[in-house]
Amino acid sequence: ILTTSGIATGAGGINFGNTLTTINGTLQINNFGFVTGFAPTYAVNSNLVYNSTGLFDRNVEWGTTSGPGYPYNVTAQNTTNLRLNFPNLNGNANRAIAGTLTIANGSTVLVSTTDPSTLTIWKDLVINGTLTMPTVAGGDVYVGRNWNRSATGVFTDNDRAVFFNGSD
């Protein structure tokens, strides 16, 4: 497990270099942690864990839909409020992962507020916390395998569609 964290805003960043690093286990982002510059490559079955106990704006660690910055499994936990597409230095775009997205009880994943960004999950979607979709047409979610929503899970669809698009 590789963790990045800090004691103050802007103090806990890590740059993985241009195609220099592969995460074979878990990259965990704790309070004040972040990835800047270049993202790692994520191996099959690797994990990107958001563990920041509060608001976290996604950065280059989940910045693409292939290659470095394209995670396998993603977990939002420990009351993390993850904003995938909030106008920041990396802007709005479609997001995808090769594996499973898990949102723990008390945590939130906001795909976007006003951008029609899609979210593609090639394996399972596990909602024990909250998943909020965009409020504009086109910002849909695609699930490749299973949709699991517990009694504590909340899906705020904002009239967006859910597509099951996998062969599993």
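For the reader, a short list of remarks on this structure follows.
- Residues that are modelled with pLDDT under 95 and open to solvent by 50 Å² or more (accessible area, probe 1.4 Å) were ranked within region 102-114; the one that is nearest to residue 72 (Cα to Cα) is 113.
- Scanning region 31-43 for residues that are closer than 15 Å to residue 62 by Cα and in a loop (DSSP other than H, G, I, E, B), we see that the one that is most open to solvent (accessible area, probe 1.4 Å) is 38.
- Close pairs from region 141-167: first more than 22 Å from residue 115 (Cα to Cα), partner β-branched (Val, Ile, Thr) and open to solvent by 50 Å² or more (accessible area, probe 1.4 Å), Cβ under 6 Å, at least 6 apart: none
- Test: residue 9 is in contact with a strand residue (DSSP E or B) (Cβ under 9 Å, 6 or more places away or on another chain), in a loop (DSSP other than H, G, I, E, B) and either open to solvent by 30 Å² or more (accessible area, probe 1.4 Å) or not hydroxyl-bearing (Ser, Thr, Tyr) (or both): no
- Region 89-101: number of residues that are under 9 Å from the mean Cα position of the chain (by Cα) and open to solvent by 20 Å² or more (accessible area, probe 1.4 Å): 0
- Residues of region 15-30 classified as open to solvent by 50 Å² or more (accessible area, probe 1.4 Å) and outside any loop (DSSP other than H, G, I, E, B), total: 1
- Exactly one residue out of 3, 65 is surrounded by fewer than 17 Cβ atoms within 10 Å (Cβ to Cβ), in a strand (DSSP E or B) and either among the hydrophobic types (A, V, I, L, M, F, W, C) or on the phi < 0 side of the Ramachandran plot (or both), and it is 3.
- Among the residues making up region 129-145, those that are farther than 14 Å from residue 82 by Cβ and either open to solvent by less than 30 Å² (accessible area, probe 1.4 Å) or at pLDDT 95 or above (or both) are 134, 139, 140, 141, 142, 143, 144, 145.
- Qualifying residue in region 74-91 (condition: in a loop (DSSP other than H, G, I, E, B) and of a type in the set (A, V, I, L, M, F, W, C)): yes
- Checklist (1) over 19 Å from residue 40 (Cα atoms); (2) touching a Ser or Thr at 6+ places or on another chain (Cβ under 8 Å); (3) modelled with pLDDT of 95 or more applied to residue 119, failing item: (2)
- Residue match in region 161-168 (condition: farther than 19 Å from residue 84 by Cα and open to solvent by less than 70 Å² (accessible area, probe 1.4 Å)): yes
- Filter pass, residue 117 being open to solvent by less than 40 Å² (accessible area, probe 1.4 Å) and either closer than 21 Å to residue 39 by Cα or part of a loop (DSSP other than H, G, I, E, B) (or both): yes
- Subset tally (residues that are open to solvent by less than 60 Å² (accessible area, probe 1.4 Å) and either modelled with pLDDT under 95 or not in a loop (DSSP other than H, G, I, E, B) (or both)) for region 146-157: 2
The values are calculated or read from the model by the stated rules, or taken from the named source; none is laboratory data. Keep in mind that what you see is a predicted model, and the values were worked out from it rather than measured. In this analysis, Cβ positions are derived from the backbone assuming ideal geometry, glycine residues included, and neighbour counts consider all displayed protein chains. Surface accessibility is based on the protein's heavy atoms, side chains included, excluding ligands, DNA and RNA. Shrake-Rupley method; radii C 1.70, N 1.55, O 1.52, S 1.80 Å.
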